[in-house]
1. Being in a loop (DSSP other than H, G, I, E, B) and more than 19 Å from V120 (Cβ to Cβ), is that true of even one residue in region 55-73?
2. Only one residue in E124, E140, E78, E64 is of a type in the set (D, E), open to solvent by 60 Å² or more (accessible area, probe 1.4 Å) and in contact with an Asp or Glu (Cβ under 8 Å, 6 or more places away or on another chain), so which one is that?
Amino acid sequence: MELMKTYRDFIKITTDETMEIRDITGEVSQILAKSGIKDGMVLLFPHHTSAAVYLSDSDRSLTEDFAALMRRLIPEAEYRHNLSDAKKNARAHLMSQLVGHSLTLPVTEGGLDLGVYQTVYYAEFDGKREKEVLVKIIGE
């Protein structure tokens, strides 16, 4: 009986914009290949509460629509958090909470077991500085 293995790595991301969405499917796949794990799960977990990861269609126009929707749903405003936090990034935290913070993906035969158009995105809502996403792989 083979024991379950684990592998841990990070994706480092520095955005040019305060709000930016990036396709990180390739980076996740590269880390998965390094892990040697053929069957299991990948957990993607940003180490920041003003960012998120999510799965969506690969069409860039949908990504732009999503960003526009987030701006409409959570407009610039006088949030209470901004009164007590020097970064004044309440809007970024609220966006992250709406998207959902982490993502778990299936691994089959050493690859991400995604649908044809499914793409893994990193959504940064308080950018212009380096951040990281934990990639934790569990399987055999």
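The values are calculated or read from the model by the stated rules, or taken from the named source; none is laboratory data. Everything numeric here is computed off the predicted structure, so don't read it as measured data. A quick note on method: Cβ atoms are made from the backbone with ideal geometry, for glycine too, and the neighbour counts reach across all protein chains shown. Quick note on the areas: whole protein, heavy atoms, side chains included, nothing else; ligands and nucleic acids left out. Shrake-Rupley method; radii C 1.70, N 1.55, O 1.52, S 1.80 Å.
1. no
2. Within the list E124, E140, E78, E64, the selection yields E140.
Condition check ((1) part of a strand (DSSP E or B); (2) of a type in the set (G, A, S); (3) within 13 Å of the chain's Cα centre (by Cα)) across all residues:
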{"residue": "D9", "(1), (2), (3)": "yes, no, no"}
{"residue": "K12", "(1), (2), (3)": "yes, no, yes"}
{"residue": "T18", "(1), (2), (3)": "no, no, no"}
{"residue": "V28", "(1), (2), (3)": "no, no, yes"}
{"residue": "L32", "(1), (2), (3)": "no, no, no"}
{"residue": "L44", "(1), (2), (3)": "yes, no, yes"}
